[in-house]
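The values are calculated or read from the model by the stated rules, or taken from the named source; none is laboratory data. The shown structure was predicted, so the numbers you read here are calculated from the model rather than taken from an experiment. Virtual Cβ from ideal backbone geometry, glycine too; neighbours counted across all protein chains shown. Calculation scope for accessible area: heavy atoms of the full protein, side chains included, ligands and nucleic acids excluded. Shrake-Rupley method; radii C 1.70, N 1.55, O 1.52, S 1.80 Å.
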Amino acid sequence: MSEENKSPPVDCDTIGLQGLLSVSEALQRIRDALTPISGFERRALRDAHRCIVAEPVTSPLNVPPYVNSAMDGYAIVASDIPKEGEVTLQVVGASFAGAPFDGTLQAGQAVRIMTGAMLPEGADTVVMQELARREGEQVTIGSGHKPGDNVRHIGEDIAKDGMVLTPGQKIRAPELGLLASLGVAEVTVRRRLRVATFSTGDELCSIGEQPREGQIYDSNRYSLFGMLRDLNVEHIDMGVIRDDPQAISDAFESASQVADVLITSGGVSVGEADFVKQTLDRLGKVNFWKIAMKPGKPLAFGTVNNAVFFGLPGNPVSVMATFYQVVQPSLRYLTGETATQAIRVKVRSADKLKKRPGRQDFQRGILRTDEKGELRVHTTGNQGSHILSSMSQANCFIILAAEAGNVEAGEWVEVEPFAGLFG
Ligand code: AMP
Ligand code: MG
């Protein structure tokens, strides 16, 4: 990572209640320690998908570039609209999208027109074909039309020289279309963040290997892969590192040489923390926090050489919850994205939810519309931090305040839809 992006280490001072740090406090401390990356690059439109805009984009032209019809129908002169009864106009030609009518419309005349076709000179109103009666070269319309009906104006969508995209905006499908509508072929975006990941644990076995007794497959490697891919970072996957001081030290060294950010899973819980801590004390400045969140209490954050370091807990649901709640907004901030807050809404819980006061819960929920058409959230059941299937069944987090106790069915709770978090 470049010189200016060096993160000052974060001190483990005023930790709150029972030695726990709230999620929002942790987020604030992390943000205070980070500086968004500064590298820019020009990218062709398609390659810029999901990148963050680095320089303002203004429009080189008006969209639409000419007055055109919003409907299939007849272009007319507004003064021909009858106050009452009907009027019959002479159809003098047609204007198709891409093949305009060549001439000027006079009072008493109409031009057959299609959606998106240029409005003929002299015309100022379009009557929908459903409201017109065509007989040979004549068309009859009634009263009730307003001057200017069904006409799209020059620059109505985007005005020439107007601001189209501002720095910090993510380029999604609508932005790609918007840029294309202006004929823009390239855009200046922030360079992609380089993020290295590895899993730690002697119990972990990789896909393709035969698990020995007491071994499990490394799933965090894959959930992290998916979460990072959704974020459009450059991912350096370093696989599984054994619980061995030299192996861990080597992995941290090499990862911090190539990546802006290093994310590990496992090895930061009580007992193991000291082990990883020894390595990290030599290579950087890392704090081992206890976050007031469930799942995902232990979290390490700091710097390893020049890379920003996040040490996530090992349990598969804890990894995903801490990633979405703490790491993802921080990575988005690092990439220069302005809007990093996911959407939260209040709905009634369909079920009773077990909750002990003390930590903020990120329970897994299923948002569903009931038979009365009301949106309710259901629990996925067992909320253990090892129940990864709960993340797969869920479509939202149910966020319960640290001080809250059990929730009764019918009570209002805050939910964070995955739709805003994933992809
Ligand atoms: P740790 O934080 O290393 O003590 O791990 C906590 C729990 O998460 C243990 O049950 C580990 O076996 C499990 N775990 C750690 N890393 C992984 C991983 N990469 N994939 C699946 N489970 C893991
Ligand atoms: Mg472990």
Exercise. Based on what the data block shows, is Arg348 open to solvent by 20 Å² or more (accessible area, probe 1.4 Å), touching a Gly at 6+ places or on another chain (Cβ under 8 Å) and either of a type in the set (D, E, K, R) or under 20 Å from Arg29 (Cβ atoms) (or both)?
Worked result: yes
Problem set entry | Any chance Val308 is more than 12 Å from ligand 2 (Cβ to nearest atom) and crowded, with 24+ Cβ neighbours inside 10 Å | yes
Exercise. Would you pick out the residues in region 263-282 that are within 15 Å of ligand 2 (Cβ to nearest atom) and of a type in the set (Asp, Glu)?
Worked result: Glu272, Asp274
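Can you tell me how many residues in region 123-154 are crowded, with 16+ Cβ neighbours inside 10 Å and assigned to a loop (DSSP other than H, G, I, E, B)? Spell out how you get there, then give the answer.
If we filter region 123-154 for residues that are crowded, with 16+ Cβ neighbours inside 10 Å, which is where we start, we get 123-129, 132, 139, 141, 145, 149-152.
Subset that is assigned to a loop (DSSP other than H, G, I, E, B): 123-124, 145, 149-150.
The qualifying residues number 5.
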Exercise. Of all residues in region 411-423, which are out of contact with any strand residue (DSSP E or B) (no Cβ under 6 Å at 6 or more places or on another chain), not in a helix (DSSP H, G or I) and not aromatic (Phe, Trp, Tyr)?
Worked result: Leu421, Gly423
For this session: Check Glu4 against each of (1) outside any loop (DSSP other than H, G, I, E, B); (2) at pLDDT 65 or above and name the one condition it does not meet.
Result: (2)
Exercise. Among the residues of region 73-97, which ones are closer than 14 Å to Arg112 by Cα, open to solvent by 60 Å² or more (accessible area, probe 1.4 Å) and under 50 Å from the mean Cα position of the chain (by Cα)?
Worked result: Phe96, Ala97
Exercise. Taking only pairs six or more apart or across chains, which ones have beta-carbon atoms under 6 Å, a first residue in region 186-205 that is touching a residue at least 60 places away in the same chain (Cβ under 8 Å), and a second residue that is more than 16 Å from ligand 1 (Cβ to nearest atom) and of a type in the set (Ser, Thr, Tyr)?
Worked result: Arg190/Thr335; Leu193/Thr335
Exercise. Do the conditions hold for Val261, that is, is it buried (at least 17 other Cβ atoms within 10 Å of the Cβ) and modelled with pLDDT under 90?
Worked result: no
For this session: Given the conditions (1) part of a strand (DSSP E or B); (2) within 16 Å of ligand 1 (Cβ to nearest atom), report the number of the one that Ala251 does not fulfil.
Result: (1)
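I need the full set of residues from region 314-330 which are of a type outside the set (S, T, N, Q) and more than 15 Å from ligand 2 (Cβ to nearest atom), in order please.
Val317, Met320, Ala321, Phe323, Tyr324, Val326, Val327, Pro329
If only one of Thr322, Thr338 is in contact (Cβ under 8 Å) with a residue 12 or more places away in the chain, within 16 Å of ligand 1 (Cβ to nearest atom) and under 23 Å from the mean Cα position of the chain (by Cα), which one is it? Spell out how you get there, then give the answer.
On the way: Thr338 fails: within 16 Å of ligand 1 (Cβ to nearest atom).
From the options Thr322, Thr338, the qualifying one is Thr322.
How about region 213-222: which of its residues are within 16 Å of ligand 2 (Cβ to nearest atom) and farther than 22 Å from Asp250 by Cα?
Of all residues in region 213-222, those within 16 Å of ligand 2 (Cβ to nearest atom) come to 214-221.
Answer for region 213-222, where residues must be within 16 Å of ligand 2 (Cβ to nearest atom) and farther than 22 Å from Asp250 by Cα: Gly214, Gln215, Ile216, Tyr217, Ser219.
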Exercise. For Ile207, all conditions in the list (1) surrounded by fewer than 13 Cβ atoms within 10 Å (Cβ to Cβ); (2) of a type in the set (A, V, I, L, M, F, W, C); (3) touching a His at 6+ places or on another chain (Cβ under 8 Å) hold save one; what is the number of the exception?
Worked result: (3)
Problem set entry | Residue that is nearest to ligand 2 (Cβ to nearest atom) [pool: residues in region 183-203 that are of a type in the set (A, V, I, L, M, F, W, C) and open to solvent by less than 40 Å² (accessible area, probe 1.4 Å)] | Phe198
Exercise. Has region 249-262 got at least one residue that is closer than 26 Å to His386 by Cα and either more than 16 Å from ligand 2 (Cβ to nearest atom) or in contact (Cβ under 8 Å) with a residue 60 or more places away in the chain (or both)?
Worked result: yes
Seminar exercise, completed: Residue pairs qualifying under the 7 Å Cβ cut-off, at least six apart or on distinct chains, with the first in region 380-394 being closer than 19 Å to Asp351 by Cα and the second being polar (S, T, N, Q) and surrounded by fewer than 18 Cβ atoms within 10 Å (Cβ to Cβ), are Thr380/Gln393; Ser390/Asn382
For this session: Could you tell me which residue of region 48-72 is farthest from the chain's Cα centre (by Cα), considering only residues that are more than 25 Å from Ala173 (Cα to Cα) and open to solvent by 30 Å² or more (accessible area, probe 1.4 Å)?
Result: Asp72
Exercise. Applying the selection to region 381-418, what residues are more than 24 Å from the chain's Cα centre (by Cα) and hydroxyl-bearing (Ser, Thr, Tyr)?
Worked result: Ser385
Problem set entry | Residues located in region 215-238, provided they are open to solvent by 50 Å² or more (accessible area, probe 1.4 Å) and either polar (S, T, N, Q) or within 13 Å of ligand 1 (Cβ to nearest atom) (or both) | Ile216, Tyr217, Arg221, Tyr222, Phe225, Asp237, Met238
For this session: Read through the list (1) more than 29 Å from the chain's Cα centre (by Cα); (2) β-branched (Val, Ile, Thr); (3) within 16 Å of ligand 2 (Cβ to nearest atom), then give the number of the only condition that Ile207 fails.
Result: (3)
Seminar exercise, completed: Among the residues of region 155-182, the number that are in contact with a Leu (Cβ under 7 Å, 6 or more places away or on another chain), open to solvent by 50 Å² or more (accessible area, probe 1.4 Å) and not in a helix (DSSP H, G or I) is 1
